[in-house]
1. Within 10 Å of each Cβ in peptide A:77-84, how many partner chain Cβ atoms are there on average? Round it to a whole number, please.
2. In whole Å, what is the distance between the alpha-carbon centres of region A:150-195 and region A:211-240?
3. Take peptide A:257-270, look around each residue's Cβ out to 10 angstrom, count Cβ atoms belonging to other protein chains, and average those counts.
4. To make sure I understand the rule: partners must be aspartates and glutamates, Cα under 16 Å from the Cα of B:K24, and not fewer than 8 residues away in the same chain. Which ones qualify?
5. Helix-derived [θ] at 222 nm for chain A: sum -39500 (n - 2.57) over DSSP H runs of at least 4, divide by residue count, nearest 500?
6. Name the long-range amide H neighbours of A:S106: under 5 Å, sequence gap of 5 or more, or other chain; modelled H, no Pro or chain starts.
7. Compute the orientation-averaged projected area for chain B from the convex hull of its Cα atoms and round it to one decimal in nm².
8. Taking other Cβ within 10 Å of each residue's Cβ, how do B:F87, A:F109, A:F265, A:F158 sort, fewest first?
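None of the figures in this text is laboratory data; all of them are computed from the coordinates on show. The structure presented is a predicted model; accordingly, all values stated were derived computationally and were not measured. For neighbour counting, all protein chains shown are included, and Cβ atoms are generated from backbone atoms with ideal geometry for every residue, glycine included.
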Amino acid sequence: MIQTLEQFDAYVTAEKKIEPKDWMPDGYRKTLIRQISQHAHSEVVGMLPEGNWITRAPSLQRKAILLAKVQDEAGHGLYLYSAAETLGVERSDLVDDLLSGKAKYSSIFNYPVLTWADIGAIGWLVDGAAIMNQVPLCRCSYGPYSRAMMRVCKEESFHQRQGYSIMVELMKGNKAQREMAQDALDRWWWPSLMMFGPSDKDSEHSSQNMKWKIKRFTNDELRQRMVDMTVPQAECIGLKMPDKELKWNEDTGHHDFGEIDWDEFYNVLAGNGPCNKERLAVRNKAHDDGAWVREAAIAYAEKKLKTKG
Amino acid sequence: MSDTKNNWPLWEVFIRSKQGLGHKHVGSLHASDAEMAIGNARDVYTRRQEGVSIWVVPSESISASSPEDSESLFDPANDKVYRHPTFFVLPDEVNHM
């Protein structure tokens, strides 16, 4: 049984899993609540930019696929909220924090989705980066989070492939279609790399989270993997990475790449991205519009209980 | 059924993945009643044919052992290794029993 910080640290270091009723340091609990709920919020807000394109998908099959993907994102949000709730927080408090703007969600969803090719770029790059982040989280020391991430990861790879297949198809098309795909890559590449968070030297949560085995790799390590994985996928279909400094480095066995615009990163994080206000407004409207459904469901459940006696 | 904040109650979800296997805990969700809980469980936990049967149980109806009791509950089994067949060494000539 775990009763002290020393026992906890030893337990986690031995790669054993912590479960909801086990003793845990306050900092561990707080960090997990923050991280898991932010993750859940990101899944929920992530539905908004893609949801806009369901009615405009170019074929019935693409429409059905996008609908299934957006439904998955809702499911991922729900798995994650459930995992957060095992730490002793109320779902409604987490949702309130999202709606009031107090809680953060992934900044990537504060960029506009301008064309159908953006839906391709999002699946390929944004879900690709998410997978890169999430696969190590399957081994997270907190049992419920790790189990939720296993479910998510199983489903996420469909998201990335459907996105890439949109790009593949556009690159087989006419000049306008190919330019549309290139334009989407140009706009989504850097924000996707920003998804891994600040550079290691500026990352405030990294070292403790590594010790607690919440995090397994640093932001920069994962970002490098993303670059190395994506460059050949782009080349293969004739897309050009929007980075003049990008080149293969024989000595390191990795790609060198240009510096991220950190001013942009912090600016979007601070709420000044192109769509921050719109996303929150749409989310709030959906929540308010659904209030009568939630109330009616409760009233119906209570009425049924009464008539049962 | 609702608490002070008008939250829908929490339900634990158990799924039988195929005939012949038991129901296994897969997670939890909120719903106003059992019928909605089953509907939500279907949408959240069986989008890819993960199940052929669903149980939902109000989370507050589950009684659980506590980690503080784990020694008294589970440790006594520790010193009864003879409960496992491998405790008994068979003569070389006897391969299976």
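1. That works out to 4 on average.
2. Comparing the Cα centres of region A:150-195 and region A:211-240, I get a distance of 15 Å.
3. Working: counts 0, 0, 0, 0, 0, 0, 0, 0, 0, 0, 0, 0, 0, 0.
Counting other chains' Cβ atoms within 10 Å and averaging over A:257-270 gives 0.
4. Straight-line reach from B:K24, under 16 Å: B:E12, B:E50.
5. On the way: 13 runs with 199 residues, N = 309.
Helix-only estimate at 222 nm: -21000 deg cm²/dmol.
6. So A:S106 has HN proximity to A:S42.
7. Over all viewing directions, chain B projects a mean Cα-hull area of 10.8 nm².
8. Values: B:F87 9, A:F109 25, A:F265 20, A:F158 16.
Least to most surrounded, the residues fall as B:F87, A:F158, A:F265, A:F109.
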